[in-house]
1. Whose amide H sits under 5 Å from the amide H of residue 359, counting only residues 5 or more places off or on another chain, with H placed in the peptide plane?
2. Summing Lys, Arg as +1 and Asp, Glu as -1, what charge do residues with Cβ under 11 Å from the Cβ of residue 367 carry, residue 367 excluded?
3. Using 24 Å as the Cα-Cα cut-off, could you pick out the over-long pairs in 195/295; 156/454; 150/439; 156/382; 325/447; 374/454?
4. Would you work out the charge dipole size for the range 29-93 about its Cα centre, treating the Cβ of every Lys and Arg as +1 and the Cβ of every Asp and Glu as -1, and quote it to the nearest 20 debye?
5. Normalised by the number of residues in the chain, what is the relative contact order in percent for Cα pairs under 8 Å and 6+ residues apart?
6. May I ask you to order 180-189, 356-365, 3-12 by the average number of other C-beta atoms within 10 Å around their residues, highest value first?
7. Summing -39500 (n - 2.57) over the DSSP H runs of n ≥ 4 in the chain and dividing by its residue number, what mean residue ellipticity at 222 nm do you reach, to the nearest 500 deg cm²/dmol?
8. Could you please tell me the mean projected area of the C-alpha convex hull for the chain, averaged over all directions and given in square nanometres to one decimal?
Amino acid sequence: MSTLIRGGTVITAEQTYRADVLCDDGKIVAIGENLEVPTGTEIVDAGGQYVMPGGIDPHTHMQLPFMGTVASEDFYTGTAAAMAGGTTSIIDFVIPDPQQNIMDAYRAWRGWAEKSAADYGFHVAITWWDESVDADMGTLVREEGINSFKHFMAYKGAIMADDEILYNSFTRSLGLGAMPTVHAENGELVFQLQKKLINEGITGPEGHPLSRPPAAEGEAANRALRLAEVIGVPLYIVHVSTNDALEEIKRARAAGQRVYGEVLAGHLTIDDSVYRHPDWDVAAAHVMSPPFRAKHHQEALWKGLQGGSLHTTATDHCCFCADQKAMGRDDFSQIPNGTAGVEDRMAVLWEHGVNTGRLTMNEFVAATSANAAKIFNIYPQKGSVSIGADADLVVWDPNASKTISVKTHHQNVDYNIFEGMEVTGLASHTLSRGVLGWKDGDLRAVKGAGKYVKRPAFSAAFDALAKQSAQHTPKAVKRS
Ligand code: DUC
Ligand code: ZN
Ligand code: ZN
């Protein structure tokens, strides 16, 4: 089946130009002015609009079993909502319980994701270590198309990776050509502060950011970066929320380390006053980790994105409804951590990035899709408008506006952290491999239409690092 997107302006991370885009059998097959229309082709009128690569959200948690409950958004509802906002791919996370066989967990997540309406991949979390984990990492990279491993430096007593796990997994990742990623927060410090605050009678959501100070993120970012430096492996830091962590990334990059930073749409636009909201439910709805931060961090994060120290934008989409959040009514540390955003990320980034002049349209494409595709090695199949690429496209109407609200969103959650935000610039059409999943307000996402995207291991980038470290391989001193 073919679709012609006619009369739009194509925006990629590199270029802006007028062209029609013809999609056939899931791929982009022609780009040019006044393309001929094969019979039976569906026409999308993109006059006055932009044609961009569909968004890639490299950080979501659909139906995640977490903190004694399961995230309310499943892979179908979540990817459908994503398409309503112009996002056509997600990279979610397989998170094995400590001691759980990694391959069993991987197969469970692959099964849950079969109902996805849009394409998806997985980072796999390393939550414990033994020889089987070492072997399974090899199987995942060589046979299953996994090229990134996640490490939670927080969540002590649950999924936290200590330095021994980080060392082993980072070293193994280097050998396999896979990217280690970290959630950077000092889990021991958070644990101790949670206990202290509860003992002092601070049991409400206002305790959440107090237990996770910026220094806890800065310390963990620095520790992960220093481990990566010694091991000689690249590093991707998820949801950078503070100037503290950003400064560590800048220092490491200036020293020649290959490190990438991700920032969430929420951390760019929402501050920590939400935790002091008089309505417990509203405050609890914002509990996620790392928490929303004092305002000055937001401006630093925007500068990080503008200045090239942060590379991707994500949401950490992880939905819990009010009845689930209520599990922590007497103890903020028991409030399931997570907020939604997969539907709103592109519009929020356009409104606060492009409409304010902070980002060019090309930089917007880099930050919302192309960079994630490059860093996770699926470019130009994803993240580009080029012949042969997957026809994952968004037609973006820069004049359409709306007020974001839980009343109108498509996400399966009863709160929206961007509630009341007015945005101008919206997806009018979203195509997943050439098929319209969103058309002028009509959500046509099809359960199960999404495909698992294999991501090959890195070779060139890692070979270069291996050469560098070989030059510095220590030699034993020969003595008589
Ligand atoms: N943070 C969250 O808020 N939710 C899921 C996991 C995480 O790290
Ligand atoms: Zn995290
Ligand atoms: Zn996460």
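The values are calculated or read from the model by the stated rules, or taken from the named source; none is laboratory data. Note that the structure is predicted; figures quoted are calculated from it, not measured. A quick note on method: Cβ atoms are made from the backbone with ideal geometry, for glycine too, and the neighbour counts reach across all protein chains shown. In case anyone asks, the SASA skips ligands and DNA or RNA and just uses the protein heavy atoms, side chains included. Shrake-Rupley method; radii C 1.70, N 1.55, O 1.52, S 1.80 Å.
1. HN-HN under 5 Å from residue 359: 354.
2. Working: positive: 345, 358; negative: 262, 363.
It works out to a net charge of 0.
3. Details: 195/295 26 Å; 156/454 31 Å; 150/439 35 Å; 156/382 36 Å; 325/447 28 Å; 374/454 14 Å.
Those over the limit are 195/295; 156/454; 150/439; 156/382; 325/447.
4. Working: 0 positive and 8 negative charges, 37 e Å.
Dipole of the range 29-93, to the nearest 20 debye: 180 debye.
5. Normalised by residue count, the contact order of the chain is 22 percent.
6. On the way: 180-189: 24.0, 356-365: 17.8, 3-12: 21.0.
By packing density, highest mean first, the sequence is 180-189, 3-12, 356-365.
7. Numbers: 16 runs with 151 residues, N = 480.
Computed ellipticity for the chain at 222 nm equals -9000 deg cm²/dmol.
8. Working: hull surface 94.3 nm².
Projected area, direction-averaged: 23.6 nm².
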